[in-house]
Structures are given as structure tokens and as C-alpha cells.
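S.K.: First the structure, then my questions, so here it is.
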């Protein structure tokens, strides 16, 4: 009875999945010892990736992974919002539509007609959009996948009634912090680091590779300046478009940058 009473008084945490690969939910499970601390502080009431137990809402904090790609999910996210005191969206799919947002530039009906023998049975939207396009969200945690350390910080912050301490500066700051030489300056390697939010620890530049933009646009990114720099390095406009259209393709600064460069391709008559 004492155990049941203790559980009843703990804040309730729920984790939901929409269109995604499950990688961000796995980041929570991969938190190991920190996860045990979270489990001791909250009642994990709804997390199908980890347990079949589902305790009815409302929930104090709900973590949502994935983008909205079907009419059913467009309605389901409204119910999730209604049952959640705080709604935190995690990962590139939930914050920027994910890699599946590439459909937003194409005709989805043509895809379904090619892939499925009976496309009339497929219920899908023409777009893949972030959770914030459909309901108000309280915080967006970037990444593909997210950082497990940042996830624990976000959960702890909401439980403690404070704002999460998540950086909004660029990956370049992380390169400086770990003593990694700039791959663009030193080796002429195209890198999205100057316009990408920190969070990965500048992993790719540490191995002499350019940043791929996994954590989405930093605060106030200067994408036009980066485009000019890439052209000086000999990168084609087609490749610049493709670079911005990856994990965070539908994030507004990256979307605007890719559309701007693609418009120039159209004017010059360059095709895909």
C-alpha cells in the first residue's frame, strides 16, 4: 500500500511515438544510470517502448517523438496535448518534420501509386510536419537522434519547474571547446556547423568530416553567408540544396535556404 501511495504522488511521464524511427525514444532507454534516477523521480505511466503498462492520463510531462504524416495522427496529437500539462517534442522528426519531410516538395500520390498495389487504401497526408504545426508545444529538443544528456536535462527541468539549459549556439563553439580545427578553413571541407545548433559535441568535425546539420538550425543562422562560402569551395548549387534538405529539411531557416538556392537553379536552367 505504501508503494502504491508513493507512485500515486509522483509526477506522471508519458512517451509517445508518431512517424519516426524510434531512435529518440531509445536515447531515453540508453540513459542507463540517469534513467534510473528519472524512474525514481517520476512514474513512467505510458511508454510502450519500455513497458506494456499504460496508466491513464492526464500526464505531467509528455515526450513526443515523430512527425505528423496521417489524418489519424493529426487528430491523435490533439488528444495527447489535451492530456499533457507539459508537452515536449524530441528529435528532428517532431521538431522539423524529419527526413520524411522531403515529401513536402513532391507529389505523394505519385509515390503511393508506384509503391503500393492498391494505393486507394493508403491514408496519408501530402506533408510531413512538426508537432508545433498542429498543437502548442512547451519545448523542442533537437537532434537526430537527440542527446541523452540533453533529454535528461529537459525532463529534470520540467519536473523542477525551470527552463531547460539547452544551448542555442552553433556547432562551431563546440569545435572550439574541444580544440578541433575548423575543417572548412583547414581542409576546405563543406560543413554545416556554422548554422547548426550545438548538441552532438562536434562529433563529425572531430573526425575530419563536415557537420551534417543533425541538430537543426542554430539561433539566427546566416545561411546566405554559408552558401557563398560553399560556392568558393566549389560546391554546386544542387549539392547545397541537398545538404539543407536532410534530417531537418523543413526547419524554416534550412527550408528557406534550400528553396532560395533551388530557385536559382530553376532560373539558370540547371536540372536535377
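S.K.: Just to be sure before I move on: is residue 174 surrounded by fewer than 21 Cβ atoms within 10 Å (Cβ to Cβ) and either touching a strand residue (DSSP E or B) at 6+ places or on another chain (Cβ under 7 Å) or in contact (Cβ under 8 Å) with a residue 24 or more places away in the chain (or both) in the structure I sent?
M.R.: So residue 174 does not fit the description; no.
S.K.: Here is a further query. Please work out which one of (1) surrounded by 14 or more Cβ atoms within 10 Å (Cβ to Cβ); (2) under 22 Å from residue 213 (Cβ atoms) is the condition residue 42 fails and give its number.
M.R.: Condition (2) is where residue 42 drops out.
S.K.: Shifting gears a bit: Scan region 152-169 residue by residue and report those that are within 16 Å of the chain's Cα centre (by Cα) and surrounded by 22 or more Cβ atoms within 10 Å (Cβ to Cβ).
M.R.: 154
S.K.: Conditions: (1) surrounded by fewer than 18 Cβ atoms within 10 Å (Cβ to Cβ); (2) within 27 Å of residue 96 (Cα to Cα); (3) at pLDDT below 80. Residue 35 meets all but one. Number of the miss?
M.R.: (1)
Each row is one residue, and each column tells you yes or no for (1) out of contact with any strand residue (DSSP E or B) (no Cβ under 6 Å at 6 or more places or on another chain); (2) more than 20 Å from residue 122 (Cβ to Cβ); (3) crowded, with 16+ Cβ neighbours inside 10 Å; (4) assigned by TED's automatic domain parsing to the domain that holds residue 254.
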site	(1), (2), (3), (4)
66	no, no, yes, no
78	yes, yes, no, no
84	no, yes, yes, no
89	no, yes, yes, no
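S.K.: Among the residues of region 210-230, are any within 25 Å of residue 100 (Cβ to Cβ) and without any contact (Cβ under 8 Å) to a residue 24 or more places away in the chain?
M.R.: No: region 210-230 contains no residue that is within 25 Å of residue 100 (Cβ to Cβ) and without any contact (Cβ under 8 Å) to a residue 24 or more places away in the chain.
Listed here are the residues, each with its yes/no results for (1) touching a helix residue (DSSP H, G or I) at 6+ places or on another chain (Cβ under 8 Å); (2) in the same structural domain as residue 15 (by TED's automatic domain parsing); (3) buried (at least 19 other Cβ atoms within 10 Å of the Cβ).
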{"position": "124", "(1), (2), (3)": "yes, yes, no"}
{"position": "135", "(1), (2), (3)": "yes, yes, no"}
{"position": "144", "(1), (2), (3)": "yes, yes, yes"}
{"position": "186", "(1), (2), (3)": "no, no, no"}
{"position": "196", "(1), (2), (3)": "yes, no, yes"}
{"position": "202", "(1), (2), (3)": "yes, no, yes"}
{"position": "207", "(1), (2), (3)": "no, no, no"}
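S.K.: From the residues in region 217-236 that are farther than 23 Å from residue 166 by Cβ and surrounded by 19 or more Cβ atoms within 10 Å (Cβ to Cβ), which one is farthest from the chain's Cα centre (by Cα)?
M.R.: Step by step, filter region 217-236, then rank; the result is 230.
S.K.: Then there's this: With the requirement that a residue be touching a residue at least 12 places away in the same chain (Cβ under 8 Å) and out of contact with any strand residue (DSSP E or B) (no Cβ under 9 Å at 6 or more places or on another chain), what does region 154-171 give you?
M.R.: 156, 165
S.K.: Looking at residue 50, is it at pLDDT below 95 and in contact with a helix residue (DSSP H, G or I) (Cβ under 7 Å, 6 or more places away or on another chain)?
M.R.: yes
S.K.: Just to be sure before I move on: is residue 149 over 25 Å from residue 243 (Cβ atoms), under 16 Å from the mean Cα position of the chain (by Cα), surrounded by fewer than 16 Cβ atoms within 10 Å (Cβ to Cβ) and not assigned by TED's automatic domain parsing to the domain that holds residue 201 in the structure I sent?
M.R.: yes
S.K.: Does any residue of region 102-119 turn out to be surrounded by 18 or more Cβ atoms within 10 Å (Cβ to Cβ) and closer than 23 Å to residue 140 by Cα?
M.R.: Looking through region 102-119, at least one residue is surrounded by 18 or more Cβ atoms within 10 Å (Cβ to Cβ) and closer than 23 Å to residue 140 by Cα.
The values are calculated or read from the model by the stated rules, or taken from the named source; none is laboratory data. Predicted model, so just to flag it, every value in this text is computed and none were measured. Cβ: placed from backbone, ideal geometry, glycine included. Neighbour counts: every protein chain shown.
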